[in-house]
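Some notes on the structure that comes next.
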Amino acid sequence: MSYVRDAWYVAGWSSEFDDSLKRVVILEQPVVMYRATNGSMAALEDQCPHRLLPLSKGKRIGDDIQCGYHGMTFNCEGRCVRVPGQDNIPASAFVKSYAVHEKHNIVFVWMGDSRDANTDDIFDLPQFHSDQWHAHQGDALHLKANYLNVAENLVDPAHVSFVHPTTLGNSASENVPVHVDTEGEVLVAWRWIRDAPPVGFFQKFGGFEGNVDRWHYYYLHLPCTAVIDFGSADTSRQLPEELRDEGVRIFALHFLTPVNEHYTIDRWMHLRNAAVGDEAASEQMDAMFRVAFNEDKEILEAIDEQEQLAQNRKPIRLAIDKGPTVYRKRISAMITQAE
């Protein structure tokens, strides 16, 4: 399977890495990652060029990695600095070094040529930098599904009514049209549900007693980072689009890491403008998110399993598929341009 390699992918939360050697697989490429003695992250091809033993099976010698088979040793840049038993080091004795950067307690890896990596391209949101917002990291959701299907699900407000009827959606939104904008670099799909009962999530955290106006804005940053801006406000306020901050507003962030054709890791977190600093609220939200995202997991894994069977015809496309259709075309174009 082809992937977009010239992009930043999430290897994990910062808390997942220490001075031990950790193997991660991104775009079917094994990478060994660890913190150097100065606290910075190192990321190398996890394969000794001699007999192909993963370097993560070796051990650290200071900031270097010694292969566990014959002791070849590599520094943080991937250059071989020792071959036991001989003085000359072959020119081919090196491993690929990946550009790596930490931001917002998230570890990003550039999977293409490190010379093309630009940290200014790493995903960001203004709310990360505001004390009026609370950032909270959730879990890593492991899905036996192709990342393209997972990403499509994250630019698809229409599924919420049916997949998440007790958490993020309800029947009031079933026939509300979805609007889509595919003109910019970020794909956007959205809709408002006016004067309707609050969904389970906002019944619990919004404290709403009557009907609300609620919104879902799905932003898909290629190749596979999604932002879902959702919230609610008392319907009597008739809150306009540009004043969503005056309601209870949450950004659910999804960082997709394609492992292979049938395995994706979705690291999710959220930013919120309510219950700022309240960790008990964070834990309660995590519990509801886990229910909702496991509902997605069940659907996406069933689709992946079905796609591997022989098909008699192609799946049909509906009006709600505009965002996913454009997404597939753009990913294909990005891969083709890089070849």
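Could you please find all residues in region 111-123 being outside any loop (DSSP other than H, G, I, E, B) and in contact (Cβ under 8 Å) with a residue 12 or more places away in the chain?
If the condition is that a residue be outside any loop (DSSP other than H, G, I, E, B) and in contact (Cβ under 8 Å) with a residue 12 or more places away in the chain, then S114, D116, T119, D121 are the ones that fit.
Here are M285, M269, M334: which of them is surrounded by 19 or more Cβ atoms within 10 Å (Cβ to Cβ) and assigned to a helix (DSSP H, G or I)?
Checking each option against the conditions leaves just M285.
Considering only residues that are over 25 Å from the mean Cα position of the chain (by Cα) and among the hydrophobic types (A, V, I, L, M, F, W, C), look in region 204-233 and name the one that is nearest to D121 (Cα to Cα).
Step by step, filter region 204-233, then rank; the result is A233.
Quick check on region 102-130: of everything there that is within 16 Å of R267 (Cα to Cα) and of a type in the set (V, I, T), which residue is surrounded by the most Cβ atoms within 10 Å (Cβ to Cβ)?
Looking only at region 102-130, we keep the residues that are within 16 Å of R267 (Cα to Cα), and these are 102-109, 122-124.
Those left that are additionally of a type in the set (V, I, T): 106-107, 109, 122.
Values: I106: 22, V107: 22, V109: 25, I122: 17.
Among those residues, the one meeting the criterion is V109.
Do the conditions hold for E209, that is, is it under 30 Å from M334 (Cβ atoms) and not in a strand (DSSP E or B)?
Considered against the rule, which asks whether it is under 30 Å from M334 (Cβ atoms) and not in a strand (DSSP E or B), E209 comes out as no.
Checking E241 against (1) surrounded by 15 or more Cβ atoms within 10 Å (Cβ to Cβ); (2) in contact with a Phe, Trp or Tyr (Cβ under 8 Å, 6 or more places away or on another chain): exactly one of these is not met. Which one?
It is condition (1) that E241 fails.
Only residues in region 81-94 that are in the same structural domain as Q47 (by TED's automatic domain parsing) count as the first member; pair them with residues that are part of a strand (DSSP E or B) and surrounded by 10 or more Cβ atoms within 10 Å (Cβ to Cβ), Cβ under 6 angstrom, at least 6 apart or cross-chain, and list the lot.
Pairs found: V81/T73; R82/T73; I89/C80; I89/V83; A93/C80; F94/R79; F94/C80.
Scan (1) over 18 Å from F251 (Cα atoms); (2) touching a strand residue (DSSP E or B) at 6+ places or on another chain (Cβ under 8 Å) for the single condition E209 breaks and write down its number.
Here E209 clears every test but (2).
Evaluate region 51-67: report whether one residue or more is touching a residue at least 60 places away in the same chain (Cβ under 8 Å), under 29 Å from H262 (Cα atoms) and not in a strand (DSSP E or B).
No; the residues of region 51-67 include none that is touching a residue at least 60 places away in the same chain (Cβ under 8 Å), under 29 Å from H262 (Cα atoms) and not in a strand (DSSP E or B).
I want to confirm something. Restricting to region 1-34 and keeping residues that are outside any helix (DSSP H, G or I) and among the acidic types (D, E), which single residue is nearest to H262 (Cα to Cα)? Walk me through it before giving the result.
Going through region 1-34, the residues outside any helix (DSSP H, G or I) turn out to be 1-13, 17-34.
Among the residues that remain, those that are also among the acidic types (D, E) are: 6, 18-19, 28.
Numbers: D6: 21, D18: 28, D19: 30, E28: 11 Å.
For region 1-34, the residue satisfying everything is E28.
Condition check: more than 22 Å from F205 (Cβ to Cβ), among the β-branched types (V, I, T) and either outside the structural domain of S130 (by TED's automatic domain parsing) or part of a helix (DSSP H, G or I) (or both). Does V326 satisfy that?
Values: more than 22 Å from F205 (Cβ to Cβ): yes; among the β-branched types (V, I, T): yes; either outside the structural domain of S130 (by TED's automatic domain parsing) or part of a helix (DSSP H, G or I) (or both): yes.
Here the answer is yes, as V326 does meet what is asked.
With the requirement that a residue be among the hydrophobic types (A, V, I, L, M, F, W, C) and either loosely packed, with under 15 Cβ neighbours inside 10 Å or touching a helix residue (DSSP H, G or I) at 6+ places or on another chain (Cβ under 9 Å) (or both), what does region 292-331 give you?
Residues of region 292-331 that are among the hydrophobic types (A, V, I, L, M, F, W, C), as a first pass: 292-293, 299-300, 302-303, 309-310, 316, 318-320, 326, 331.
Passing the criteria: A292, I299, L300, A302, I303, L309, A310, I316, L318, A319, I320, I331.
The values are calculated or read from the model by the stated rules, or taken from the named source; none is laboratory data. All of these numbers come straight from a predicted model, not from anything done at the bench. Here the Cβ is made from the backbone with ideal geometry for all residues, glycine too, and neighbour counts use every protein chain on show.
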